[in-house]
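The values are calculated or read from the model by the stated rules, or taken from the named source; none is laboratory data. Since the structure is predicted, the reported quantities are computational estimates derived from the model, not experimental observations. Glycine also receives a Cβ, built like all others from the backbone with ideal geometry; neighbour counts cover every protein chain displayed. Note: accessible area is taken over every heavy atom of the protein model, side chains too, but ligands, DNA and RNA are not part of it. Shrake-Rupley method; radii C 1.70, N 1.55, O 1.52, S 1.80 Å.
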Amino acid sequence: MNIPLLDLKRQYQTIRDEVMKVTEEVYESQVFILGKKVSDFEDNFARYCQTRHAVGVSSGTDALLEALMVAGVGHGDEVIVPAYSFFATAGVVARLGAVPVFVDIDRDSFNIDPSLIEERITSATKVIMPVHLYGQVAEMGAISRIASKHGLEIIEDAAQAVGAELDGKRAGSFSRYGCFSFFPSKNLGGFGDGGAITTSDAATYEKLIDFRVHGMRPKYYHHSVGGNFRIDALQAAILDVKLAKLDAWTEARQKNAAMYDDRFAEAANDGRIVLPKVIGNRRHVYNQYVVMFPGGETVRERVRQTLLSSGIGCEIYYPLTLPQQECFADLDHSRRSFPVSEAAAKSSLALPIFSELEASEIDRVAEVVLKSEG
């Protein structure tokens with residue numbers, strides 16, 4: 001039985017007719033950049049995220065980059081980021097000549113540890129960028145209090161957390177900027193690259209609109225240096241179709257996660273495996289289902305190889321912490337340790353969790369994991 005980490009073909013078969021219809025509408029209109037398909041999706045996405053506005057952009061990375069630009073981050077500024085995340089979280093900071101300042105993560109949630117943030121704040125700090133990793137919202141109450149105390153901006157990296165909630169409030173609505181990715185593997189994925197920035201601040205929205213098109217308004221009059229961050233109309237049309245299905249897909253992921261939890265319960269009680277934890281009053285959307293093996297890299301690698309040789313997809317998110325990346329070797333963290341992030345990098349493994357996964361496939365994945373980890 002071959003079980004992929006993600007099977008987008010299964011999902012596509014359930015929406016094919018709707019996708020082909022809106023695709024044809026875009027072709028017939030010959031409006032490929034911005035336009036009504038984009039504005040309709042933006043309205044629907046903002047409503048879904050519980051914000052007043054959404055601005056469709058070219059990718060999740062560009063969402064972060066544009067948000068930083070609009071927030072005025074530049075050369076020499078510092079941006080606090082978790083030490084464990086996808087590279088773009090820190091990469092966009094460095095691209096602007098700013099400095100990513102790393103903070104270790106919380107052991108249970110994989111998100112930035114708020115108790116460690118204040119010691120990293122300096123006079124050069126401008127932004128805190130929490131990441132809602134794997135589909136669970138970071139501790140935004142504590143982070144917001146710290147930001148307010150020190151007069152800092154917050155930019156949420158919600159690339160993996162569309163629809164995730166804390167106390168009924170959705171990812172991307174806790175701050176002035178919420179940044180999302182529509183990379184095809186995301187819970188809400190396009191047929192190519194795409195992203196969005198959410199905001200409830202009218203002035204910020206206007207700036208985001210301008211920066212998306214080279215800081216231009218009206219046409220050919222540039223008051224700022226923005227970028228080409230526009231989303232394609234075709235992507236917006238397809239995403240709008242998928243947005244209507246997202247909650248049902250999320251519920252299926254949650255059901256799959258619960259089945260995994262049940263299958264691994266004994267191993268978790270014995271301390272052989274650490275399961276994902278839903279922290280506090282949160283809606284976890286399981287962009288990934290990530291387990292950890294206390295035995296470390298040796299055990300993780302044995303399980304990974306056994307899964308792959310059995311035809312079962314899995315992935316390491318992520319094999320290095322951000323401070324360990326070669327391109328950041330010259331930053332001022334060489335004498336610092338990030339023990340929780342480093343442990344996660346050595347022991348974590350993502351298992352298939354997509355919404356169309358069948359119970360028999362979950363049983364098979366669990367069976368192979370349990371046989372190989374002992």
Qualifying residue in segment 97-110 (condition: assigned to a loop (DSSP other than H, G, I, E, B) and within 30 Å of G226 (Cβ to Cβ)): yes
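Take segment 262-275 and flag every residue that is open to solvent by 20 Å² or more (accessible area, probe 1.4 Å) and among the small types (G, A, S).
A265, A268, G271
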Filtering segment 208-241 down to residues that are assigned to a helix (DSSP H, G or I) and buried (at least 20 other Cβ atoms within 10 Å of the Cβ) yields L208, F211, R212, A233, L234, Q235, A236, A237, I238, L239
Going by what's in this entry, would V131 be described as touching a residue at least 12 places away in the same chain (Cβ under 8 Å) and farther than 24 Å from I316 by Cα?
no
F183 passes all but one of the listed conditions (1) open to solvent by less than 20 Å² (accessible area, probe 1.4 Å); (2) under 15 Å from the mean Cα position of the chain (by Cα); the exception is number (1)
Only one of V291, V278, V285, V303 is at pLDDT 95 or above, open to solvent by 20 Å² or more (accessible area, probe 1.4 Å) and either under 29 Å from R120 (Cα atoms) or not aromatic (F, W, Y) (or both), namely V278
Reported set for segment 334-345 where residues are surrounded by 19 or more Cβ atoms within 10 Å (Cβ to Cβ) and of a type outside the set (A, V, I, L, M) is F338, S341
When (1) assigned to a strand (DSSP E or B); (2) within 23 Å of R336 (Cβ to Cβ) are applied to F86, the one that fails is (1)
Just one listed residue, out of E139, E119, is under 28 Å from G76 (Cβ atoms) and either open to solvent by 20 Å² or more (accessible area, probe 1.4 Å) or in contact with a Gly (Cβ under 6 Å, 6 or more places away or on another chain) (or both), and it is E119
Is there a residue in segment 222-234 that is closer than 15 Å to V70 by Cα, under 25 Å from the mean Cα position of the chain (by Cα) and acidic (D, E)? no
Of the listed residues (K255, K245), the one being surrounded by 14 or more Cβ atoms within 10 Å (Cβ to Cβ), within 24 Å of L188 (Cα to Cα) and free of Cβ contacts under 8 Å to residues at least 40 places away in the same chain is K255
V55 meets each of (1) among the β-branched types (V, I, T); (2) surrounded by fewer than 24 Cβ atoms within 10 Å (Cβ to Cβ); (3) under 30 Å from D240 (Cα atoms) with one exception, condition (2)
For V368, the lone unmet condition from (1) open to solvent by 40 Å² or more (accessible area, probe 1.4 Å); (2) of a type in the set (A, V, I, L, M); (3) at pLDDT 95 or above is (1)
Expected single match for open to solvent by 10 Å² or more (accessible area, probe 1.4 Å), without any contact (Cβ under 8 Å) to a residue 60 or more places away in the chain and not small (G, A, S) among D108, D77 is D77
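Conditions (1) assigned to a loop (DSSP other than H, G, I, E, B); (2) among the acidic types (D, E); (3) under 19 Å from V81 (Cβ atoms), marked per residue:
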residue: V303; (1), (2), (3): no, no, no
residue: L308; (1), (2), (3): no, no, no
residue: P319; (1), (2), (3): yes, no, yes
residue: C327; (1), (2), (3): no, no, yes
residue: L331; (1), (2), (3): yes, no, yes
residue: A343; (1), (2), (3): no, no, yes
Note to self: Quick check on A329: is it within 17 Å of the chain's Cα centre (by Cα) and either surrounded by 15 or more Cβ atoms within 10 Å (Cβ to Cβ) or at pLDDT below 95 (or both)?
What the structure shows: no
Within segment 1-48, restricting to residues that are out of contact with any Leu (no Cβ under 8 Å at 6 or more places or on another chain), more than 30 Å from S310 (Cβ to Cβ) and not in a helix (DSSP H, G or I), the one that is most open to solvent (accessible area, probe 1.4 Å) is Q30
